[in-house]
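Data block below; observations after.
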Amino acid sequence: MSNATDQHVLLNATGLTKTYRMGGEDLHVLQGLDIQIRRGQWLAILGSSGSGKSTLLHVLGGLDRPTQGEVVFDNQAIFSLSGARLDRYRNRHVGFVFQFYHLLPELNVVENVLIAAMAGQSIVGWSRTRVEARSRAEQLLNRLGLSHRLHHRPAKLSGGERQRVAIARALINEPDVLLADEPTGNLDATTGDQILEVLGEFHRAGQAIVMVTHDQRIAQFADQTVVLESGRLVGAK
Amino acid sequence: MYKLLLIFKYLRRKLAPLFAALAVTLCTAMVIIVISVMGGFLQLMRESAQRLTGQVTIGSDLSGFPHHQELVDELDQLPEVAAATAMVRAYGLINMFNRVHTIEVVGVDPKSFDDVTNYRDTLYWTNQHLLDDLERTLPPIDKMTQRQRAMYESSMQQYQRVDLRDLGMSFTPLHQPLNQPPLPGIVLGIEVSPYNRRDEQGKYHLSVSPLNTELTLTVLPLTLRGTVMEPAVRRMVVANEFKSGLYEIDANRVYVPFDLLQQMLRMDAAEEADPDTGQPTGRTLPSRASEIMLRGQDMVSLDQLNRAVTAKVEQFVGARSGMPPLWVQTWQQRHATLLGAVEKEKMLLTFLFAIISVVAVAMIGVIFYMIVLEKTRDIGVLRAIGASRGGIMSIFLGYGLVIGCLGAGLGTALAAAIVYHINEIQDFLTVYFNFTMWDPSVYYFDKVPSRLDPLETTLIAVMAVLSSLAGSLIPAYTAGRVDPVESIRYE
Ligand SMILES: Nc1ncnc2c1ncn2[C@@H]1O[C@H](COP(=O)(O)OP(=O)(O)OP(=O)(O)O)[C@@H](O)[C@H]1O
Ligand SMILES: [Mg+2]
């Protein structure tokens, strides 16, 4: 296994465990799991429902804390960072895409994308970067085929369109890695495949992607697949 | 930056917070209105109290003190003093319309009394009342009989010659009883006569007033030792009535000429009699007064005035033998009980409404809490894209701030609109619903006070904003504590 200083390694997670205490019993979701994400990689994590895929993704993205273990990004163990730095890590270096899109209903399409850019900025900082961020957002949405829907609110969009907005939101800050949690789980096969096409496009442009799914067929879109089983990764399939 | 955007969006897209803003608006308006009306009421009472008693009063007891004229003259010399007047005060009986009442009798020198208290302005009946009354009782000029016409014209002529307020000032009745020597005039408080009734507009009617009525005044003179002498009884005619604005005074006080009351009370200058033998001793006792009232110069504070007068009085009393001790009181001290009661009432009401306002705070808390619950998923998403706990909290605090400012602003505007038109509103209620909110006979004054104190109003508005912030505190904290993982797990 290559070490953390390998310049191709983006994220290096070692010894991740996650234990939930339910009633009197412990539920071991992750059990000493190691994983490395390399630059430009599209990795699919395959696992059955309840196997801990989402949990793993949240830990990698700094949204959830593991019971044990660390995730190292850029030579920094992210869970030793201060709250503000961890917020910054989520904002700058990772982008989340969720199964249920999770757009903010009060905001229109552009605003939903821009809010991720705003979240990392003070008012002063935002006024300096606003124009640039906006053009980047429009460019992204254009690439995702949404240029005619910029000012619509999520309620007016189809599922596929919503997921594309969510992808734009995840990518607006040019993150090092895109973390996609069953991005097609709520879509029909055709629409789902279109989303995967889109992800493929960004991947070809150099975007690292970690995608979790329980669907073998969907995992095939990635260039590497690992299986999550009993709280560990059990090699490629 | 996203915070402002979200505050703005949440404000535009949600109805619930508008209810919160409405609650803040109503509570703010309520408290401001109560404070303004009660504060205005208090201020009116203060003004009336000052008008009635001047700013500082000097006195001894009911048997009075001598050398009052010299003391008045010396007080007048003080740079702090604008005017001073001596008075005689006694309690007596008044027999009018064959009814006997107890009454406070005050003997005044109208000229200097007016300088101190604006007495003339409190005299109620003017020539205009006479003219109005004449017009009301007689038919229109073209329908008058000859006799009516003659009466009308002679009355008109008389009214043009005299001024009813001047007559009150000089204690000269407009009409004397026929076929007997002229009687001295007396000025009654407007509520002394049982027939005087204030109408809905707070006006009195000349037709039932005791003006020109003959009555009997009885007072009990006291010896210097405080024992009661033979009652002094005088027939008098009502020359005018006064309305000070304070019901207690208007119902229980009459004014008579200073010298007359002095005589009746045997407080005028007299030869001294030996208390044991009753034989004259050949020495003259100086005349006595019971009180001296004075008004300070405009720029002089009550405190300064009080100090200057107290020093003067001490010096004056010290320099003369046989002066009884004199007290010096400011109007605030004299009316402390009444003013204190109203002040307490104002505080109590403000307190009660402040408690009601806690409901508004709770309402904001509940509404915001509901919004936070409803927005848990969005909060999780925001955390996932890098928003901090503090950032999430500040969205809801800022939201509370905006709601508070909105409510406070609207509430102040609403309160101003109501307070400035409160008398119109009161008239409207009276006319259309026969509902009298402000009964002048209960509240001393005929109009609802309508003024806003800028300082108090601002304070209340600021309090409203702070309360809204307080109300959003717990929901904001809850929002900050939302576990992002939990909140985004499901749809
Ligand atoms: N807060 C929690 N308390 C207790 N158990 C939890 C909690 N969160 C998750 N779990 C459990 O952890 C296990 C892993 O959950 P996770 O959501 O990561 O699974 P998943 O592989 O994403 O499943 P799915 O395919 O259904 O999305 C599940 O059995 C779940 O019930
Ligand atoms: Mg999952």
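The values are calculated or read from the model by the stated rules, or taken from the named source; none is laboratory data. Quick caveat: nothing in here was measured; it's all calculated off a predicted structure. In this analysis, Cβ positions are derived from the backbone assuming ideal geometry, glycine residues included, and neighbour counts consider all displayed protein chains. In case anyone asks, the SASA skips ligands and DNA or RNA and just uses the protein heavy atoms, side chains included. Shrake-Rupley method; radii C 1.70, N 1.55, O 1.52, S 1.80 Å.
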Criterion violated by B:Y247 - all others in (1) farther than 26 Å from B:P173 by Cβ; (2) out of contact with any Leu (no Cβ under 7 Å at 6 or more places or on another chain); (3) at pLDDT below 80 satisfied: (1)
Taking segment B:464-491 and keeping only residues that are within 16 Å of ligand 2 (Cβ to nearest atom) and open to solvent by less than 30 Å² (accessible area, probe 1.4 Å), one is left with B:P484, B:V485, B:S487, B:I488
Report whether or not A:A168 is buried (at least 24 other Cβ atoms within 10 Å of the Cβ), more than 26 Å from A:S49 (Cβ to Cβ) and within 9 Å of another protein chain (Cβ to nearest Cβ). no
Give all pairs with beta carbons closer than 9 Å in which a residue from segment A:163-189 that is on the phi > 0 side of the Ramachandran plot meets a residue that is of a type in the set (D, E) and within 16 Å of ligand 1 (Cβ to nearest atom); count only pairs at least 6 apart in sequence or on separate chains. A:E182/A:D215
Which ones in segment B:59-91 are touching a strand residue (DSSP E or B) at 6+ places or on another chain (Cβ under 6 Å), open to solvent by 20 Å² or more (accessible area, probe 1.4 Å) and in a helix (DSSP H, G or I)? B:D76
Just wondering, is there one or more residues in segment B:164-181 that are in a loop (DSSP other than H, G, I, E, B), hydrophobic (A, V, I, L, M, F, W, C) and over 18 Å from B:E214 (Cβ atoms)? no
Tabulated pairs, segment A:221-233, first at positive phi and without any contact (Cβ under 8 Å) to a residue 60 or more places away in the chain, second among the acidic types (D, E) and open to solvent by 20 Å² or more (accessible area, probe 1.4 Å), C-beta under 8 angstrom, 6+ apart or interchain: none
Number of the condition not met by B:V359 [criteria: (1) in contact (Cβ under 8 Å) with a residue 40 or more places away in the chain; (2) farther than 30 Å from B:Y399 by Cβ; (3) open to solvent by 50 Å² or more (accessible area, probe 1.4 Å)]: (2)
Considering only residues that are of a type in the set (A, V, I, L, M) and touching a Gly at 6+ places or on another chain (Cβ under 8 Å), which ones fall in segment B:151-178? B:L167
Only one of A:L27, A:L81, A:L16, A:L46 is over 14 Å from the mean Cα position of the chain (by Cα), open to solvent by 10 Å² or more (accessible area, probe 1.4 Å) and more than 24 Å from B:R481 (Cβ to Cβ); which? A:L46
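For every residue, the table says whether it meets (1) in a helix (DSSP H, G or I); (2) closer than 30 Å to B:F19 by Cα; (3) among the aliphatic types (A, V, I, L, M).
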| residue | (1), (2), (3) |
| --- | --- |
| B:Q304 | yes, no, no |
| B:A308 | yes, no, yes |
| B:K312 | yes, no, no |
| B:F316 | yes, no, no |
| B:M323 | no, no, yes |
| B:K346 | yes, yes, no |
Is it the case that segment B:258-269 has a residue that's in contact with a strand residue (DSSP E or B) (Cβ under 7 Å, 6 or more places away or on another chain), touching a residue at least 60 places away in the same chain (Cβ under 8 Å) and open to solvent by 30 Å² or more (accessible area, probe 1.4 Å)? no
When segment A:8-41 is checked residue by residue, the ones that are touching a Lys or Arg at 6+ places or on another chain (Cβ under 8 Å) and among the polar types (S, T, N, Q) are A:Q31
Given the options A:A180, A:A222, A:A170, name the one that is of a type in the set (A, V, I, L, M) and within 16 Å of ligand 2 (Cβ to nearest atom). A:A180
Subset of segment A:44-89 [aliphatic (A, V, I, L, M) and either within 16 Å of ligand 2 (Cβ to nearest atom) or within 14 Å of chain B (Cβ to nearest Cβ) (or both)]: A:A44, A:I45, A:L46, A:L56, A:L57, A:V59, A:L60, A:L63, A:I78, A:L81, A:A84, A:L86
So is B:R334 assigned by TED's automatic domain parsing to the domain that holds B:A476 and not acidic (D, E) or not? no
For segment B:365-434, give me every one of the helices (runs of 4 or more DSSP H) that falls completely inside it and has 1 or more residues that are under 17 Å from A:N91 (Cβ atoms) and away from chain A (no Cβ under 14 Å). none
Does segment B:331-343 include one or more residues that are in a loop (DSSP other than H, G, I, E, B), open to solvent by less than 50 Å² (accessible area, probe 1.4 Å) and within 14 Å of chain A (Cβ to nearest Cβ)? no
Which numbered condition A:F96 misses (of (1) surrounded by 23 or more Cβ atoms within 10 Å (Cβ to Cβ); (2) more than 16 Å from ligand 2 (Cβ to nearest atom); (3) in a strand (DSSP E or B)): (2)
I'd like the residue in segment A:106-126 that is more than 8 Å from chain B (Cβ to nearest Cβ) and modelled with pLDDT of 90 or more and, out of all such residues, is farthest from A:L60 (Cα to Cα). A:N108
Being within 16 Å of ligand 2 (Cβ to nearest atom) and either among the aliphatic types (A, V, I, L, M) or surrounded by fewer than 18 Cβ atoms within 10 Å (Cβ to Cβ) (or both) is the filter here, so list the residues in segment A:206-215 that pass it. A:V210, A:M211, A:V212, A:H214, A:D215
Consider B:L414 carefully, then state whether it is at pLDDT below 85 and hydrophobic (A, V, I, L, M, F, W, C). no
